[in-house]
Amino acid sequence: MPNKEKETTKNKVKALRGMTDILPEELNAWRYLETVTHGFFPHYGYKEIRLPLLEETRLFARSIGIDTEIVQKEMYTVEEKSSRSISLRPEATASVVRAFLEHNLYRINGVKKYYYLGPMFRRERPQAGRLRQFHQVGVELIGSGDLALLDADVIETAHNFLVELGIEKFEIQLNHLGCRVCRKVYIERLKEYFKRYFKALCPDCQRRFNTNPLRLLDCKKEGCRILIKKAPKVSDSLCGKCKHHFQEVQGFLSFLKIDFRLNPHLVRGLDYYTGIIFEIIHPELGTQNALGAGGRYDNLIEEFGGPALPATGFSFGLERIIAVLPKEKIPDLEETKITLVVLGKGNRVKALEIKQKLRKERYDIAVETDLQRSLKSILRQADKLGSKFVLILGDDEGAKESVQVKNMASGKQELVKIDRLAEYLGEKNV
Ligand code: HAM
């Protein structure tokens, strides 16, 4: 511990970069999003799953991929005394798979559908729309079935979630990464192409050329982008089975009237994907324009020692959803505030009694006492806060076991017995 020194403006303790506080006035949007989430996903057959924030590092290294940016550079990792390495989760798909296998959830027949909501951690360079602690809501769907139908279903679910929230103008981009066999062929074609331009690639891409050639397609550097435009498309390398699957999914989406755009150069920053992948972007988000993303990961369960079960899913970034949420959709969740004004020190005990009684009878009413300020200034503030009623307790009222109830909207005042107060407020729709 450093020596205790006086805090100055310069060395004041602040939140870590990229980790933000969510203040009470911002919580309306968060609560709304959480409420919609817990209503929407169960309606689509998903069950909530809550997972630890810390996991063994090897879970992420083996699923997301040892050569990915996330695993190479972005995880918050601690080496434990036992020499085991643990990390804060950068995403939740790997944890769902781990929990699925650990609790033998595959023993029950049928497709399993899970949803989750919570914080994720990535040590990325913070910028607008990119945080180091951010939140995701996501789903994972594990099990065999008609895979093209399930793919369309998952994309429809993501689409409808945004529509439910009143978000418009988003674009679904779609691609197919091929199966184990045709992806190999594609990667060879990709390497052949980029080999010719190796010297023109940025240093990161020169490294990716050897470690993870698909990630070359995701480079944002101007020089690389020019080369990417002319790179071979994965759609030209798909085997017959994958081509058919891709076309079926597109057909189902068109039938469901879900707009999408094919992006043949769409790749993902996580290695577990196989087959259909998608990203949902929003034009008002700026550089970090992905609201959410997902896709199929058919080999992951088996790679972790489980049965050969296909899987798919997606997740949305909640901070990014909030950034494009129509403000008029967000309900005001501020509790109805009742202010009890106590005039005269002699009434302090009576004030305690009223407050205790009201809180007991109506847990949903927030009641505060104010003994300090003048009636005028309290009324002014109550008006500003949107309080519906102010209760006034003076000597006369106290003697009559009553309070004056001032209706802030009409300005009218009524004397109400303390015993009848909760009932009276109920009648006034408080
Ligand atoms: P991802 O593309 O890494 O996918 O993240 C999904 C979403 O999380 C992004 O589209 C974005 O909205 C949000 N997000 C990611 N990083 C940040 C950040 N640093 N700051 C703010 N928001 C961020 C996954 O995580 C996969 N697990 C998705 C999935 C589920 N695939 C299959 N199942």
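Please treat every number below as a calculation from the coordinates, not as lab data. It should be emphasised that the depicted structure is a prediction, and the values quoted were computed from it without experimental measurement. Because the Cβ atoms are built from the backbone with ideal geometry, glycine has one as well, and the counts that use them run over all protein chains shown.
Ordering 185, 137 by the number of other Cβ atoms within 10 Å of each residue's own Cβ, fewest first, gives 185, 137.
Our estimate of slack between residue 412 and residue 255, defined as 0.36 nm per intervening residue step minus the Cα-Cα distance, is 50.6 nm. Between the range 112-158 and the range 197-259, the alpha-carbon centres lie 21 Å apart. When only DSSP loop residues count, what GluC sites (Glu not before Pro) in the range 104-177 have their Cβ near at most 14 other Cβ atoms within 10 Å? Answer by residue number: 168. Pairs exceeding a 19 Å alpha-carbon distance, out of 327/428; 345/412; 337/406: 327/428; 345/412. Using the Cβ-Cβ distance between residue 359 and residue 26 with R0 set to 35 Å, the FRET efficiency from 1/(1 + (r/R0)^6) comes to roughly 0.85.
Calculate the FRET efficiency for residue 265 and residue 163 from the Cβ-Cβ distance with a Förster distance of 41 Å, rounded to the nearest 0.05. Write down the numbers at each step before the final one.
Values: r = 27 Å, r/R0 = 0.66.
Approximately 0.90, to the nearest 0.05.
With r defined as the distance between the Cβ atoms of residue 76 and residue 424 and R0 fixed at 51 Å, what FRET efficiency is calculated, to the nearest 0.05? FRET efficiency, residue 76 to residue 424: 0.40.
The aspartates and glutamates within cross-link reach of residue 388, meaning a Cα-to-Cα straight distance under 17 Å and a gap of 8 or more places when in the same chain, are 332, 334, 335, 364, 368, 370, 414, 423, 427. Pairs over the 27 Å Cα-Cα cut-off, from the set 73/220; 195/221; 220/329; 169/384: 220/329; 169/384. Mind checking which helices in the chain clear 18 Å along their axis (Cα) and have mean Kyte-Doolittle hydropathy of 0.0 or more, DSSP H runs only? The qualifying helices are 147-164. With a simple spin-label model that places each label point 7 Å from the Cα along the Cα-to-Cβ direction, the separation between residue 290 and residue 156 comes to 2.5 nm.
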